[in-house]
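A.B. asks: Just dropping this structure here.
The values are calculated or read from the model by the stated rules, or taken from the named source; none is laboratory data. Here the structure is a predicted model, which means the values were calculated and not measured. So basically every Cβ, Gly included, is an ideal-geometry build from the backbone, and we count neighbours across all protein chains shown. Quick note on the areas: whole protein, heavy atoms, side chains included, nothing else; ligands and nucleic acids left out. Shrake-Rupley method; radii C 1.70, N 1.55, O 1.52, S 1.80 Å.
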Amino acid sequence: MTSSARLSLNGAPARLSMDELFPTWRIRDITAEMDARFYIPLPKGNQVAKSSACIVGGQGSGKSVLLAWRAQRARETYGEENVHIIHTDDIRVALDLIDDTPVQYIIIDDAMTYASSRQVFEQTEIVKTYNRSRHVFEEKLHGRPGLILYDWAWQRFGELDPAFRQGDIMIFKTGMAGQTERRTIEQFLGPYCTRYLYETIWDRIARGGDAGNRMMGMSMGCICSMSPERGAGLYRSGVADVPLPPMITHDDHFRNEDAAEDILDQYRDKPPWDRRIPCYELSLEGLKQTDIAARLGVRQGYVSDSIRKVKELLEKR
């Protein structure tokens, strides 16, 4: 069938496009449905649940504005005092910063810096860290329920390691140059949503001006457990009242960690730190307090107290 057809209207020929003859599928607004899949309720009992989103968009597409908006949605959903926002470029930093707040909102911005699919042999330890984050959080909670929310944000879809692309939802701020990338995105969004992403959202953002600014709050999203026909559509966002906390980068965090190691070395052989510091260091390896107590032959209460006191030591120095 050709892309257009000749019809006779009152005897006069007319040429109509296929889109006019057969209107295309209407793009749905699925913002509320996507948010419901991501901002899930806190679990019951002593369980820790996890939810993950992947956000793809080129420079200048409004990813940071979107991330701040989504963080604000978390504070509104669970209560500001119940949400700990961690903004970093490395999941290993996030693991160190997890605390006992019921909801940990972990934003890995510019994620491919330390989670690139091109660095296959370097990813093993990082993937292990990601998988351990839930267990580390459980240890912090001491039997209380908790929720970890992950936002992975980066520029090119194929460049993030597949282990981190297994999100519950995906948000595309822009398309990607190249037919291979477009075909990959189309597998998630379907043809109509992909076309709208490329020819409306991305094109207007790229042109700039008022039309581009209006598009900053528009993205195409998909619910990964559903087919594109049912789970893809428009995702809307706004501008948050409160900006994201400053990013704690890999380089800054581990530079500070080196300084902390120097402090620990100064106290390592001095009582009672000679017994307290091993408790703290084993906790950094992800061991549960009960396991640390058994390994060192001390009470669990001593382990907990030692970890707290060593942290206080490092904060004072």
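A.B. asks: So, in segment 270-309, of the ones that are assigned to a loop (DSSP other than H, G, I, E, B) and basic (Lys, Arg), which residue ends up surrounded by the fewest Cβ atoms within 10 Å (Cβ to Cβ)?
C.D. replies: The qualifying residue surrounded by the fewest Cβ atoms within 10 Å (Cβ to Cβ) is Lys270.
A.B. asks: Tell me whether segment 81-91 contains one or more residues that are in contact with a strand residue (DSSP E or B) (Cβ under 7 Å, 6 or more places away or on another chain), open to solvent by less than 70 Å² (accessible area, probe 1.4 Å), of a type in the set (Asp, Glu) and at pLDDT 95 or above.
C.D. replies: No, because not a single residue in segment 81-91 is in contact with a strand residue (DSSP E or B) (Cβ under 7 Å, 6 or more places away or on another chain), open to solvent by less than 70 Å² (accessible area, probe 1.4 Å), of a type in the set (Asp, Glu) and at pLDDT 95 or above.
A.B. asks: Got at least one residue in segment 218-238 being of a type in the set (S, T, N, Q), in a loop (DSSP other than H, G, I, E, B) and open to solvent by 80 Å² or more (accessible area, probe 1.4 Å)?
C.D. replies: The answer is yes, given that some residue of segment 218-238 is of a type in the set (S, T, N, Q), in a loop (DSSP other than H, G, I, E, B) and open to solvent by 80 Å² or more (accessible area, probe 1.4 Å).
A.B. asks: Next up: Answer yes or no as to whether Arg132 is touching a helix residue (DSSP H, G or I) at 6+ places or on another chain (Cβ under 8 Å), in contact (Cβ under 8 Å) with a residue 60 or more places away in the chain, of a type in the set (Lys, Arg) and within 30 Å of Tyr78 (Cα to Cα).
C.D. replies: So Arg132 fits the description; yes.
A.B. asks: Output the residue which, of all residues in segment 48-58 that are at pLDDT 90 or above and either charged (D, E, K, R) or not in a strand (DSSP E or B) (or both), is surrounded by the most Cβ atoms within 10 Å (Cβ to Cβ).
C.D. replies: In this case the residue turns out to be Gly57.
A.B. asks: Also: Between residues in segment 31-47 that are more than 16 Å from Asn82 (Cα to Cα) and residues that are open to solvent by 70 Å² or more (accessible area, probe 1.4 Å), which pairs lie under 6 Å by C-beta distance while being six or more apart or on different chains?
C.D. replies: These pairs meet every condition: Thr31/Arg236.
A.B. asks: Now for a separate question. List the residue pairs whose Cβ atoms are under 7 Å apart, where the first residue sits in segment 135-146 and is modelled with pLDDT of 85 or more, the second is among the basic types (Lys, Arg) and open to solvent by 40 Å² or more (accessible area, probe 1.4 Å), and the two are 6 or more positions apart or on different chains.
C.D. replies: Sorted first by the residue in segment 135-146, then by its partner, the pairs are Glu139/Lys288; Pro145/Lys44.
A.B. asks: Output the number of residues of segment 181-200 satisfying the condition of being farther than 18 Å from Gly231 by Cβ and either touching a residue at least 12 places away in the same chain (Cβ under 8 Å) or among the small types (Gly, Ala, Ser) (or both).
C.D. replies: Qualifying residue count for the region: 4.
A.B. asks: Take Glu285 and tell me if it is charged (D, E, K, R) and within 19 Å of Lys140 (Cβ to Cβ).
C.D. replies: When the stated conditions are applied, Glu285 passes them.
A.B. asks: Name, by its number, the condition in (1) in contact (Cβ under 8 Å) with a residue 60 or more places away in the chain; (2) assigned to a helix (DSSP H, G or I) that does not hold for Asp252.
C.D. replies: (1)
A.B. asks: Which numbered condition trips up Asn213, out of (1) open to solvent by 30 Å² or more (accessible area, probe 1.4 Å); (2) over 25 Å from Ala71 (Cβ atoms); (3) in a helix (DSSP H, G or I)?
C.D. replies: Evaluating Asn213 over (1) open to solvent by 30 Å² or more (accessible area, probe 1.4 Å); (2) over 25 Å from Ala71 (Cβ atoms); (3) in a helix (DSSP H, G or I) leaves (2) as the failure.
A.B. asks: Something else now. If you check Ser219 against the conditions, is it under 30 Å from Arg75 (Cβ atoms), touching a Lys or Arg at 6+ places or on another chain (Cβ under 7 Å) and in contact (Cβ under 8 Å) with a residue 24 or more places away in the chain?
C.D. replies: Spelling it out, Ser219 is indeed under 30 Å from Arg75 (Cβ atoms), touching a Lys or Arg at 6+ places or on another chain (Cβ under 7 Å) and in contact (Cβ under 8 Å) with a residue 24 or more places away in the chain.
A.B. asks: Still on this structure, I have one more. Would you mind telling me which numbered condition in (1) open to solvent by less than 30 Å² (accessible area, probe 1.4 Å); (2) modelled with pLDDT of 75 or more Arg132 fails?
C.D. replies: (1)
A.B. asks: Checking the condition under 30 Å from Glu76 (Cβ atoms) and touching a residue at least 60 places away in the same chain (Cβ under 8 Å), which residue from Gly212, Gly231 passes?
C.D. replies: Gly231
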